[in-house]
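This structure is in structure tokens; I'll ask about it shortly.
The values are calculated or read from the model by the stated rules, or taken from the named source; none is laboratory data. Please read all numbers here as calculations on a predicted model, not as lab measurements. Please note: Cβ atoms are built from the backbone with ideal geometry, for glycine as well, and neighbour counts cover all protein chains shown.
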Amino acid sequence: MPTVALGLLLALGLQAGAPAASEAGAQPGSGAPARVLAWLEEADASLGGAPAGDPAGATGWIDTAKLPTLITALLFGLLMFRYQRRAARGVEIPIRRIPGLDAIDEAIGRATEMGRPVLYVPGIDEIKEIQTIYSMMILRHVARKTAEFGTTLIVPVRDSIVMTFAEEAVKGGCMDAGRPDAFVKDNIRYLSNEQFAYCAGVAGIMAREKPAANLMLGMFFAESLILAETGFMSGAIQVAGTAKQHQLPFFVAACDYTIMGEEYFAVTAYLTREPNLLGTIRAGDVLKILAVALLVAGIVLATVHALSADPAAPGWADVLRKLLAAGGGGGSA
Amino acid sequence: MASVIANFDRRWIFLAVGLLVVSLYAAGISSELPESEYVRDFHATLEALPPGAIVLLSADFDPASAAELLPMYQGVIHHLFARDLRIVNVATWPAAPPFTQKEFARIAPLYGKTYGVDWVELGFLPGDDVAMGSIGQSLRSAYPRDDRRTSWADLPLLADVGDNMRGISLLITASAGYPGILEWIAQVGGRYDVTLLAGTTAVQTPDLFAFYPLQLKGFLGAATGATQYLQLAAPLAARLPTGEGALDEVRDENQRRMLVQSWAHILILALIVVGNVIYFRTRVPTGAARR
Amino acid sequence: MKREIPILLTVLCGLAVTWSFFSPVGVSSAMNAELLDWAQVFFSVAFLLGIANLVRISLKQVTAGHADSPYKLVMLAVLFGYLLAGLAEIHGWLPAAFTEEHGNKALRNWGHAKIFVPLQATMFSLLAFYIASAAFRAFRARSLEATLLLTAGAVVMLGQVPIGDELTGGWASRALAFLMVHVNGAGQKAIIMGATLGVLATGLRIVLGIERSYLSE
């Protein structure tokens, strides 16, 4: 809901601002906003900014069209480090309990009671994908739980390099539980590099070995519904988690619990309590609040300007747009 | 009745879907669609290019999504050749080149086009978004030779293409996922002076609305968008003899598929309604309702 | 040094690519071009690494008498068969008469068109059946949000197809356009913002050497 509200505000803001901005034939104006805009244009040119219509033509030491991006990245970095240091010093950074997390523990417990295995699908992307990295962290937690309870854990992987990481994660989880003997290398199975061949392989495991719990956490593509529906038909409790928004509807429809979008990153922070991750979550939240504040400011400025005596002249909304718009593709609709 | 849903054999649903699709497709009825604004923009952007302009056409799909994307790819090739636009064809998915080679081999002779002068096939480049960054920065560095092992110097079309996408007026991608249009926008659209158009699968189409019409001047969403575009581009077919490879056949085939899709959607809606009716009739009242 | 060198390389390359994005001066652009070329080499090598791993693991399972051994043997046979066919065609090892009659990509195109395309298209087509099944089983108007979601889904399904306009007097496609451009567009922008922050965070940590999970730490 907050992200949708944020987006709606953005859309409203842009639509409210559009009539007042950058229209062909608009008068330059002489008010304070016009003077600020003119100063910004001069500064841009003196820094060697790209001329209009040639985004690759910048000549200065920095591409001024990308300054907003650089400032945002630096600000985010500063916030992240600040909160990481606070977390490392022991300052509490609260993260709300995510229902999907309880569901993971519940699913493992159910599998233990039924004497059937837990199936963990870490997504189908390579290790360079951030969601796969996070999936390995969650896998370690799941491996610890299954080792503690003595439950079989099966991890089919699509990529041979991910298999190596999965082995490390499961081994680490078993060690964390004090049960190194619980690690079974044969249960980390490299099936195929081909997307649908992997999907067919996992579906086959679900049909034959009938896991009681399916945990699908990572980056998924078109195979998500096939996996989730096959898992449902095999009678397993299913918990899915991905930040790939295309596949969320399929998981929501077919799984018992779905960890959605940013909750997926937060789950890792919640489980590991690593200062790095906690700091990142808090920094992201702060930046989003800042973005909402800017959106509200833009909407108010644009609305006030549209209702003013001379809406064709540049207004403070145009100054804000000039300051925030990154180069290449921005500009008037 | 609560057990109806739990115990219902899903294979009846599979059978219903299968029979519906097969029977309607066999019936061969087709229907026209009204064109959406973003499809019209896609068409208009192509129409606005001057003859001789160079278009970078990227095939970012595989057999799984070819049913949705190949018709729009065929339509675009027809459109570009009919308007005497030149094409540089690349691919960031390894399974795409066999499709594109076949289409160019079939369509180019219909317009009397010459390889190396009117179009060039550079083939698959590994590296996902890194490959796209390379293509944007320097096409020549990314592809020292084309897919037929011909060097750059022996391809007259490429003499007009420079670094930083200079010489390329338009980038069109048929995109099935990653890497695809979102990566093209990030790696190329935001950095260089080139207009972007896209055709995508249904699941990716909602993403594109965030970039339209600023970063993306128009797009074709799924088979629906492809059919709408083929309807707009159909007048081009008047220049061609009817037969294998003609655009009107592709359009007619897609319109036929759209009718099948229509009724499949109606079936799914009906299943949702039936499922909800069963759910509400068997739901145990809670709280105040009980009192 | 086993740890330090990869971290140092990551930091240097990450900072170089980041700098080239923000700075258009010649040296950064040249460095970026060089790094991109190297990255492509690594991607190509990664393919070979993947093949080597695939062969190693499959042979291990075959020699251990794993239950899936026959399928592993078929997979290896197809892998090397296709590789051999491609090499034969590229280097002209096939009889000239065959190449003249069928073209110099006949074997690869046959494998692609007759085996790969049908298999992949078939698996993908399962989605159509599974979505119908999931729709019957799971799409419930349990709450206000679920009802809104169902309504939006119905609007999209009707608006996308010609029969929707016929049934609703032309309103389906108009409602779809409004929903997709204004509601969905706004939501997508917000989602992209949130997702990008997550990617930015992890990217920053990797580039600055803080995140080392890629080293199995």
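So which residues in the range A:260-276 are touching a Phe, Trp or Tyr at 6+ places or on another chain (Cβ under 9 Å) and either modelled with pLDDT of 90 or more or more than 9 Å from chain C (Cβ to nearest Cβ) (or both), if there are any at all?
If the condition is that a residue be touching a Phe, Trp or Tyr at 6+ places or on another chain (Cβ under 9 Å) and either modelled with pLDDT of 90 or more or more than 9 Å from chain C (Cβ to nearest Cβ) (or both), then A:M260, A:V267, A:T268, A:P275 are the ones that fit.
I've got another one for you. Could you give every pair whose Cβ atoms fall below 6 Å, whose first residue belongs to the range B:188-216 and is of a type in the set (D, E, K, R), and whose second residue is surrounded by 23 or more Cβ atoms within 10 Å (Cβ to Cβ), counting only separations of at least 6 or pairs across chains?
If the second residue must be surrounded by 23 or more Cβ atoms within 10 Å (Cβ to Cβ), the pairs left are B:D193/A:P55.
Every residue, every condition in (1) of a type outside the set (D, E, K, R); (2) more than 10 Å from chain A (Cβ to nearest Cβ); (3) surrounded by 15 or more Cβ atoms within 10 Å (Cβ to Cβ), yes or no:
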| site | (1), (2), (3) |
| --- | --- |
| C:S143 | yes, yes, no |
| C:L148 | yes, yes, no |
| C:G164 | yes, yes, yes |
| C:I191 | yes, no, yes |
| C:G203 | yes, no, yes |
| C:I206 | yes, no, yes |
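Being farther than 21 Å from A:F251 by Cβ and within 12 Å of chain A (Cβ to nearest Cβ) is true for just one of C:G185, C:G169. Which residue is that?
Being farther than 21 Å from A:F251 by Cβ and within 12 Å of chain A (Cβ to nearest Cβ) holds for just one of C:G185, C:G169, which is C:G185.
Further question: So is B:A53 hydrophobic (A, V, I, L, M, F, W, C) and at pLDDT below 95 or not? If you could, list the steps in order and put the result at the bottom.
Values: hydrophobic (A, V, I, L, M, F, W, C): yes; at pLDDT below 95: no.
Criteria not met by B:A53.
Test of understanding: among B:R149, B:R140, which residue is more than 14 Å from chain A (Cβ to nearest Cβ) and touching a helix residue (DSSP H, G or I) at 6+ places or on another chain (Cβ under 7 Å)?
On the way: B:R149 fails: touching a helix residue (DSSP H, G or I) at 6+ places or on another chain (Cβ under 7 Å).
After applying the criteria, what remains is B:R140.
Assess whether A:R82 counts as being among the charged types (D, E, K, R), without any contact (Cβ under 8 Å) to a residue 40 or more places away in the chain and not assigned by TED's automatic domain parsing to the domain that holds A:A228.
No; evaluated as a whole, the condition is false for this residue.
Please state which of the following conditions A:E209 fails to meet, knowing it meets all the rest: (1) modelled with pLDDT of 90 or more; (2) among the acidic types (D, E); (3) touching a helix residue (DSSP H, G or I) at 6+ places or on another chain (Cβ under 8 Å).
Failing condition for A:E209: (3).
Quick one: which of A:A111, A:A103 is more than 23 Å from the chain's Cα centre (by Cα), outside the structural domain of A:I299 (by TED's automatic domain parsing) and at pLDDT 85 or above? So that I can check it myself, show each step before the final result.
Values: A:A103 fails: more than 23 Å from the chain's Cα centre (by Cα).
Criteria check complete, one pass: A:A111.
What are the residue pairs meeting all of these: first residue in the range C:1-12, first residue within 15 Å of C:I206 (Cβ to Cβ), second residue β-branched (V, I, T) and not in a loop (DSSP other than H, G, I, E, B), Cβ atoms under 8 Å, and 6 or more apart or on different chains?
Cβ pairs passing all conditions: C:T10/C:I206; C:T10/C:V207; C:V11/C:V207.
I'd like to verify a number: residues in the range B:80-103 that are part of a helix (DSSP H, G or I) and β-branched (V, I, T), how many?
1
Here is a further query. Test A:L290 against the criterion of being assigned to a helix (DSSP H, G or I), out of contact with any strand residue (DSSP E or B) (no Cβ under 7 Å at 6 or more places or on another chain) and more than 30 Å from A:V155 (Cβ to Cβ), and give yes or no.
Judged against the criteria, A:L290 is a match.
Which residues, taken from the range A:54-90, are at pLDDT below 85, of a type in the set (A, V, I, L, M) and either outside any helix (DSSP H, G or I) or within 22 Å of A:A269 (Cβ to Cβ) (or both)?
Correct list: A:A56, A:A58, A:I62.
List every residue pair whose Cβ atoms sit under 7 Å apart, with the two residues 6 or more apart in sequence or on different chains, where the first one lies in the range B:110-127 and is touching a residue at least 12 places away in the same chain (Cβ under 8 Å) and within 11 Å of B:N89 (Cα to Cα) and the second, anywhere, is among the aromatic types (F, W, Y) and not in a loop (DSSP other than H, G, I, E, B).
Cβ pairs passing all conditions: B:W119/B:F104; B:E121/B:F104.
Show me the helices (runs of 4 or more DSSP H) entirely contained within the range C:1-106 in which 2 or more residues are within 10 Å of another protein chain (Cβ to nearest Cβ).
So the answer is C:4-22, C:26-63, C:69-91.
With the condition kept exactly as written, say whether any residue in the range B:65-72 is over 17 Å from B:A96 (Cβ atoms) and either more than 8 Å from every other protein chain (Cβ to nearest Cβ) or modelled with pLDDT of 95 or more (or both).
No - not one qualifying residue is present in the range B:65-72.
Identify all residues within the range A:198-217 that are under 24 Å from A:D102 (Cα atoms) and among the basic types (K, R); write none if there are none.
Selection gives A:K210 alone.
Based on what the data block shows, is A:Y134 away from chain C (no Cβ under 11 Å) and among the aromatic types (F, W, Y)?
On the way: away from chain C (no Cβ under 11 Å): no; among the aromatic types (F, W, Y): yes.
Judged against the criteria, A:Y134 is not a match.
While we're on this one: Mind checking which residues of the range A:202-226 are part of a helix (DSSP H, G or I) and under 22 Å from the mean Cα position of the chain (by Cα)?
Kept after step one, since they are part of a helix (DSSP H, G or I), are these residues of the range A:202-226: A:202-209, A:224-226.
Correct list: A:S224, A:L225.
Of all residues in the range A:174-201, how many are under 16 Å from C:I57 (Cα atoms), of a type in the set (A, V, I, L, M) and part of a helix (DSSP H, G or I)?
0
Okay, next question. Where residues in the range B:9-52 are charged (D, E, K, R) and not in a loop (DSSP other than H, G, I, E, B), which of them is nearest to the other protein chains (Cβ to nearest Cβ)?
Checked the range B:9-52; the qualifying residue nearest to the other protein chains (Cβ to nearest Cβ) is B:E37.
Moving on to the next point. Does C:F124 satisfy the condition of being assigned to a helix (DSSP H, G or I), touching a Phe, Trp or Tyr at 6+ places or on another chain (Cβ under 7 Å) and within 21 Å of B:L182 (Cβ to Cβ)? Explain how you work it out, then say what you get.
Details: assigned to a helix (DSSP H, G or I): yes; touching a Phe, Trp or Tyr at 6+ places or on another chain (Cβ under 7 Å): yes; within 21 Å of B:L182 (Cβ to Cβ): yes.
So C:F124 passes the test.
Considering only the range B:32-68, state which residues are more than 22 Å from B:D193 (Cβ to Cβ), in contact (Cβ under 8 Å) with a residue 40 or more places away in the chain and among the hydrophobic types (A, V, I, L, M, F, W, C).
Matches in the range B:32-68: B:L33, B:V39, B:A59, B:F61, B:A64, B:A67.
Can we say B:V76 is in contact with a helix residue (DSSP H, G or I) (Cβ under 8 Å, 6 or more places away or on another chain), within 14 Å of B:R251 (Cα to Cα) and surrounded by 24 or more Cβ atoms within 10 Å (Cβ to Cβ)? Don't jump to the end; show me each part of the working.
On the way: in contact with a helix residue (DSSP H, G or I) (Cβ under 8 Å, 6 or more places away or on another chain): yes; within 14 Å of B:R251 (Cα to Cα): yes; surrounded by 24 or more Cβ atoms within 10 Å (Cβ to Cβ): yes.
Criteria met by B:V76.
Within the range C:110-120, take every residue that is crowded, with 17+ Cβ neighbours inside 10 Å and free of Cβ contacts under 8 Å to residues at least 12 places away in the same chain and give me the one that is nearest to B:P97 (Cα to Cα).
It comes out as C:H112.
Sort out which residues of the range C:13-57 are of a type in the set (A, V, I, L, M, F, W, C) and touching a residue at least 60 places away in the same chain (Cβ under 8 Å), and write them in order of number.
C:L15
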